[in-house]
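Below: one structure, written as structure tokens.
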Amino acid sequence: MGSNMAEAHPVGFQWVIEAKARGARVIHVDPRFTRTSALADQHVTVRAGTDIAFLGGVINYILANNLEFREYVQAYTNASFLVNEQYQDTEDLDGLFSGYDPHAAAYDRSSWSYESVVAESASGARHKEQSSPYQSGSGGPVLEGAAGELADDPSLEHPRCVFQILKRHFARYTPDMVERICGVPRDLFLKVCRAWTENSGRERTAALVYSVGWTQHSVGPQYIRAGSIVQLLLGNIGRPGGGVYALRGHASIQGSTDIPTLFNLLPGYLPMPDTTHEDLPGYLDEVRGHNNKGFWSSADTYMASLLKEYWGDAATPENDFCFDYLPRINGDHGTYRTVMDAELIASRLIDRRPGLVTEAYTTGRAHRLRRSSEYLTLGGAVLAVSGARRSRLAAVAGGLALLAGSALKRFGTFEAGVASTKDPKYVVVPQREGLEAADGERHPPT
């Protein structure tokens, strides 16, 4: 799903063909018919962006028909763990999970923890602003208390165990809903479900392959989690022939995390320090848990090795290996978020307070771009209308002028936003108060 493996990863796809020659069945679920579809046993067309509904239907099919690999699920997943009694699902809160803050448009996730894990209540606004899911490196966020005994129900019957919560949540994804959302006929969808479940379990395994057809979506992580849930329920993780194959793009994608070129990662997938990390011990406390085990329990040695590589003999335990030399981040500094923030600020200044239009938009480069966009839009409209009756070439030129005018207007808005964020005199009073409040939340007075 979400992959054209035959063309994008031909060296790996040769082994899919080898498996097919030995009797394996290949099903390609994708909006497009590609070379992968041509070589598959079956191509299932879905509407673009509806993979979560498709996978949700598969999960519901497994759970409703008791087709999960029960012993595997009990032994190797968190299905038996009990969730905090304060947790509420979307069917309880009209489409929202517990902990939602409508003012910050973010979640306080403390009610989502396990019953025996004490989680501190905290606003999700800072996590949202600072792209929190990406700040823990590949180790993921620390879960204190998980190394001890967790309250569980091995029978998987307790209403608050993960298994039962999963069952209730995915019950909505019926074959009829999948057909309505994804455009996949009910009979074809059920055929895929049967093929997937019949080739999984104690004696057989099935593999799931995805590529950037999943990860490019804004809800890409939810696609991947849903696929992982299917494979875990069927016992297809950690066993020969099973797994979830994440086929990355080429060097520019994989390299951005390996090298790294991303603003929030250091080499080795270590998270970039932010403004709350005053020293190395404080940083390490967030990267690894006190009682957690596994690869990231040695985060201190990874960080020390990296800092020694940077600063050589000058990095010693006495000076925190020159940890203070590292820059700090104070938000989501990704290119997309940065551009959108600048444009949003400018849009608010221009559209919401017309009586207080900023000087940034009425002078300088932003002003010239705006006036040019007006001329192009007007000229394009005239050409398009007149050309529609007389000349096809004039109509095309008019359309191009309209597109160019729209683009220049957006560039002008962006330029005004950049100027507004740089000079306080360009920010209207409500805007300044909002910026000061946000800054105070990030850096409270000591």
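The values are calculated or read from the model by the stated rules, or taken from the named source; none is laboratory data. Just so it is clear, the structure is predicted and the values come from calculations on it, not from any experiment. Note that we place each Cβ from the backbone using ideal geometry, even for glycine, and neighbour counts take in every protein chain shown.
In table form, for the structure just shown:
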read-out	value
Top-ranked residue of the range 274-307 - restricted to ones that are in a loop (DSSP other than H, G, I, E, B) and at pLDDT below 80, ranked as surrounded by the most Cβ atoms within 10 Å (Cβ to Cβ)	288
Subset tally (residues that are over 28 Å from residue 150 (Cα atoms), touching a residue at least 40 places away in the same chain (Cβ under 8 Å) and either of a type outside the set (D, E, K, R) or out of contact with any helix residue (DSSP H, G or I) (no Cβ under 9 Å at 6 or more places or on another chain) (or both)) for the range 275-321	5
Residue list for the range 181-210, filter: surrounded by 20 or more Cβ atoms within 10 Å (Cβ to Cβ), within 27 Å of residue 23 (Cα to Cα) and within 24 Å of the chain's Cα centre (by Cα)	208, 209, 210
Lone qualifier among 25, 47 - being assigned to a loop (DSSP other than H, G, I, E, B) and farther than 18 Å from residue 213 by Cβ	25
Every residue from the range 156-176 that is of a type outside the set (Lys, Arg), under 15 Å from residue 63 (Cβ atoms) and in a helix (DSSP H, G or I)	162, 163, 164, 165, 166, 169, 170, 171, 175
Qualifying residue in the range 77-85 (condition: without any contact (Cβ under 8 Å) to a residue 40 or more places away in the chain, in the same structural domain as residue 170 (by TED's automatic domain parsing), assigned to a loop (DSSP other than H, G, I, E, B) and of a type in the set (Ser, Thr, Tyr))	no
